[in-house]
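This report refers to the structure that appears directly beneath it.
The values are calculated or read from the model by the stated rules, or taken from the named source; none is laboratory data. Bear in mind the structure is a predicted one, so any value in this text is a computation, not a measurement. Positions of Cβ are generated from backbone atoms using ideal geometry, with glycine treated the same way; all protein chains shown enter the neighbour counts.
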Amino acid sequence: MSSSKLDEKYYFERALNKVEKNDFRRAINDFTRALRINPENNRIYLLRAKAKFKLDLFIKSIEDCTLYIKSNPESIEAFLIRGDCYQRLHNIELALKDFQKASSFGSMDASEKVKSIEIQIQKINNKIEQYSKKINEQPLNPSFYFGRAITYKNIENNKVHNFQLAIKDLCKCIDLDPSFEEAYVELVKLKEFMEIYYENKFYDSEIILCIKKYESMKNLRLVAEWKKHQEEIAEEFDKRILNKPLIKEKLFYVIENLKDQYSEEQIGIAAGYFKKYENNKTFNKEDFQKAKLIAEQSFDKNKLYEFKWNNPYLYSLQIFNNRFCSFTGSHGYTAFVSVRQIKASKEFDYSNSDLKDWNIETLVADVCCTASDEQEAKELIDIYSFKEPMKYVDIEEWFYFNENLEYQDDLPFSDDEIGEYYGILYDDCIIEQRY
């Protein structure tokens, strides 16, 4: 067997192994390598299409299915996958064609999909007729225009006229009632859908202005609500830890593990030894020293490792905003921000961030990156491609410990706190999940 055949087999089998482990992105990379060695192995197109579907890369999955169908025109599986992609992309006509094709080859699953779609379309058409009748009877009722717009949108057909009809009704709803927030929300959803899946710019400049107006109002409201919520959580936390500060082994542990990184005052305040006046905290040194002495006398240093082993989240213990925190290790992200935004930013200083250039050379040198060589780095650049120079930073999902120094999944960092921690403005970034 030739070396190229061996290479193809190696990458192909490694890709299948990655699929079994649900590591679809790396599986796609290995399927691509195998195809470069042997472009005649058409089966790889189908397997790669399935992996791309798992990652919601519907358009790319359609391309692979189409290539496979050229040499396998009666493949039920390929038509089903492509039909599912079209359906997820709200192109019901092409989805129906593929399901009907698969059905003609004997697929019962495809037949059920065809029946389901036809029933759905009939229900939606009936609903549109009902809303149109109500609008004729009460032409100044914004709720009827909104209802019909949502129905148009749910036709799940990417023909432009359906989206245009939905947009027209949403704008009419807003004209009749400028405070109809749900109408703004749906306009934003339509815009995002078209830009994400079809890379289309939005149709009407007036609608863009309408969306910007809503986004501005929504952002102000959400920021205010979130800040108030965070303040309430922090206030409640302060009350609890003031009433029951860390003592004995927990206090001893945080002192021993953080004394080289933080001052005694920082550790003491985070551990609950402070006095509070309004939003200001002052270190209660006297009480802290007493508790520290008791902790040192009551806890065996030899058990420090055992304590740490039984509390795995404490391995990455840090202090942020006067509270103990750590990262989960279960979710990682990459934040991208354009060089243009960084240079133009007047309100935010990026000089303290760990941002790196998004290019092949940097990715190969980055020990935290999944790319092990130049080829894998190039594939990452192709997957996350941009029209302008970008910088990136890998970020973790951080959380605060509760007052008992325990992990609690409802105490995550806010977006602003993540931005502050990594030295970035979160709203400037494009966020992609790594794992």
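Output the residues belonging to the stretch 360-400 that are in a loop (DSSP other than H, G, I, E, B) and modelled with pLDDT of 90 or more. Lay out the reasoning, then the answer.
Of the stretch 360-400, the ones in a loop (DSSP other than H, G, I, E, B) are 366-373, 384-389.
Matches in the stretch 360-400: E388, P389.
Give just the number: which of (1) outside any helix (DSSP H, G or I); (2) in contact (Cβ under 8 Å) with a residue 12 or more places away in the chain; (3) within 27 Å of I241 (Cβ to Cβ) does E417 not satisfy?
It fails just one condition, (1).
Of the numbered conditions (1) loosely packed, with under 11 Cβ neighbours inside 10 Å; (2) over 24 Å from the mean Cα position of the chain (by Cα); (3) of a type outside the set (S, T, N, Q), E374 fails exactly one; give the number of that condition.
Tallying (1) loosely packed, with under 11 Cβ neighbours inside 10 Å; (2) over 24 Å from the mean Cα position of the chain (by Cα); (3) of a type outside the set (S, T, N, Q), E374 fails exactly one: (1).
Conditions first: (1) outside any strand (DSSP E or B); (2) more than 28 Å from A234 (Cα to Cα). D349 passes all but one, so which condition is the exception?
Tallying (1) outside any strand (DSSP E or B); (2) more than 28 Å from A234 (Cα to Cα), D349 fails exactly one: (2).
Residue by residue through the stretch 255-271, note down the ones that are over 10 Å from F324 (Cβ atoms) and assigned to a loop (DSSP other than H, G, I, E, B). It would help to see each step written out before you state the result.
The initial filter retains those residues of the stretch 255-271 that are over 10 Å from F324 (Cβ atoms), namely 255-257, 259-266, 268-269.
Across the stretch 255-271, the qualifying residues are K259, D260, Q261, Y262, S263.
Specify which of the listed residues (Y392, Y426) is within 23 Å of S338 (Cβ to Cβ) and free of Cβ contacts under 8 Å to residues at least 60 places away in the same chain.
Details: Y426 fails: free of Cβ contacts under 8 Å to residues at least 60 places away in the same chain.
It is Y392.
E388: over 23 Å from the mean Cα position of the chain (by Cα), not basic (K, R) and not assigned by TED's automatic domain parsing to the domain that holds F274, yes or no?
Values: over 23 Å from the mean Cα position of the chain (by Cα): no; not basic (K, R): yes; not assigned by TED's automatic domain parsing to the domain that holds F274: yes.
No.
Pick out the one residue from K303, K276 that is of a type in the set (K, R) and in a helix (DSSP H, G or I). Full working, then the answer.
Working: K276 fails: in a helix (DSSP H, G or I).
Within the list K303, K276, the selection yields K303.
Using the structure shown, decide if L57 is under 29 Å from the mean Cα position of the chain (by Cα) and either of a type in the set (D, E, K, R) or under 24 Å from N22 (Cβ atoms) (or both).
Values: under 29 Å from the mean Cα position of the chain (by Cα): yes; either of a type in the set (D, E, K, R) or under 24 Å from N22 (Cβ atoms) (or both): yes.
Criteria met by L57.
Identify all residues within the stretch 230-248 that are part of a helix (DSSP H, G or I) and either at pLDDT below 85 or surrounded by 16 or more Cβ atoms within 10 Å (Cβ to Cβ) (or both); write none if there are none.
Passing the criteria: Q230, E231, I233, A234, F237, D238, I241, L242.
May I ask you to verify whether Y313 is in a strand (DSSP E or B) and either touching a residue at least 12 places away in the same chain (Cβ under 8 Å) or farther than 30 Å from F237 by Cα (or both)?
Details: in a strand (DSSP E or B): no; either touching a residue at least 12 places away in the same chain (Cβ under 8 Å) or farther than 30 Å from F237 by Cα (or both): yes.
So Y313 does not fit the description; no.
List the pairs whose first member sits in the stretch 318-335 and is in contact (Cβ under 8 Å) with a residue 24 or more places away in the chain, whose second member is of a type in the set (S, T, N, Q) and part of a strand (DSSP E or B), and whose Cβ atoms are under 6 Å apart, counting only residues at least 6 apart or on separate chains?
As it stands, the answer is C325/Q318; Y333/Q433, since those pairs meet every condition given.
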